[in-house]
Amino acid sequence: MTSAQASPGSASTASPGLTPPAPASTVSSVASFSQASAVTALGDGGYAASLSSSWAVGDRPHGGYLLAVVVRAALAEAATVSDAAPDPLAVSAQFLRPPLCAPAVVRTAVRSSGRTITVVNAVLEQDGRTCVEATVTCGVLPSDEPAWADLPTLPADPPDDAVDIGAQPGNIFHVGSVCEMRLDVATAGFATGRTDLPPVTRIWARPVGEDPDPLFALVAGDISPPVVFNLGRVGWSPTVQLTALLRARPAPGWLRVQADTRALHDRWFDEDHTVIDSAGRLVCQARQLAIAPAL
């Protein structure tokens, strides 16, 4: 879901049947995910980042991409007090104001460190203003199979008629050009003007030229157009708060995502993303509180 950093109404530019999915080789690889989310240590817990216009919606960085940048800095800082390279286990973030696609700084501070977890506070700033605040719990993701799981049923690969979001004419969802995204037509009522479908969307996503990693799974936890679009509430839908749990390291291939909501009250709604890898394992759960467009 596009968040406060993006222009949520842009997702409605994807229209079923207009353009078939493009082969991966024809999709721009400018600013790959690992390059675009890279950070450089400045010392004293500070990390420089360059927020990429490739990973944007309109002229603002995509919200999930911003989280990946913030968490990458937090992991780098956690590694300074850990014997092993840590993984992200949980992220809780507040979106305060939208940054520009321009240089930014992530300031980090280790709040606690032990044998099992390290907790890091991370703040993304631009031009002296705080844009995103997050608390990141770092540790080691499990590698064994889950003892129990209850997950939605989605095919491992997108259906043949899925919409290639990045290939739509006039599309301003630039993320769709560097991150392959396929939208399930059956759950995209908003794309054809329907308002009688439930607020559920299904998407398949993977980075171009790279295998998905836990940070890309975090991006996938915020990848869907706002599900309230299916209720006729199309427009800017800013994320206020997002909490994500990372559950496993993704296998290579598509990440399949189901996004849905429990309730829309006035203009407030929640949105859950369940992210499953190509091996059928849960890799990310994300829940956000957002504001729907007024009727």
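Key figures
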quantity: Among (1) surrounded by fewer than 16 Cβ atoms within 10 Å (Cβ to Cβ); (2) of a type in the set (F, W, Y); (3) in contact with a strand residue (DSSP E or B) (Cβ under 6 Å, 6 or more places away or on another chain), the one test that W254 misses; calculated: (1)
quantity: Single condition L154 does not satisfy, out of (1) assigned to a loop (DSSP other than H, G, I, E, B); (2) closer than 16 Å to R249 by Cβ; (3) touching a Lys or Arg at 6+ places or on another chain (Cβ under 8 Å); calculated: (2)
quantity: Selection from the stretch 183-199 of residues that are of a type in the set (A, V, I, L, M, F, W, C) and crowded, with 18+ Cβ neighbours inside 10 Å; calculated: L183, V185, A188, F190, A191
quantity: Residue tally, condition in contact (Cβ under 8 Å) with a residue 12 or more places away in the chain and assigned to a loop (DSSP other than H, G, I, E, B), over the stretch 263-295; calculated: 10
quantity: Subset tally (residues that are among the hydrophobic types (A, V, I, L, M, F, W, C), surrounded by fewer than 18 Cβ atoms within 10 Å (Cβ to Cβ) and out of contact with any Ser or Thr (no Cβ under 8 Å at 6 or more places or on another chain)) for the stretch 223-244; calculated: 1
quantity: Test: residue in the stretch 9-32 that is surrounded by fewer than 21 Cβ atoms within 10 Å (Cβ to Cβ), under 20 Å from M181 (Cα atoms), at pLDDT 50 or above and more than 18 Å from the chain's Cα centre (by Cα); calculated: yes
quantity: Residue match in the stretch 219-234 (condition: closer than 23 Å to P98 by Cβ, touching a residue at least 12 places away in the same chain (Cβ under 8 Å), among the acidic types (D, E) and out of contact with any Cys (no Cβ under 9 Å at 6 or more places or on another chain)); calculated: yes
quantity: R111 part of a strand (DSSP E or B) and among the basic types (K, R); calculated: yes
quantity: Residue within the stretch 201-217 that is on the phi > 0 side of the Ramachandran plot and free of Cβ contacts under 8 Å to residues at least 12 places away in the same chain present; calculated: no
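So that you can scan it fast, the table gives a plain yes or no per residue for (1) at pLDDT 95 or above; (2) out of contact with any strand residue (DSSP E or B) (no Cβ under 8 Å at 6 or more places or on another chain); (3) crowded, with 18+ Cβ neighbours inside 10 Å; (4) outside any strand (DSSP E or B):
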site	(1), (2), (3), (4)
L66	yes, no, yes, yes
V69	yes, no, yes, yes
S82	no, no, yes, yes
A85	no, yes, no, yes
P98	no, no, yes, yes
A104	yes, no, yes, no
R115	no, yes, no, yes
L124	yes, no, yes, no
C131	yes, no, yes, no
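The values are calculated or read from the model by the stated rules, or taken from the named source; none is laboratory data. In this text the structure is predicted, and so the values were computed from the model without any measurement. A quick note on method: Cβ atoms are made from the backbone with ideal geometry, for glycine too, and the neighbour counts reach across all protein chains shown.
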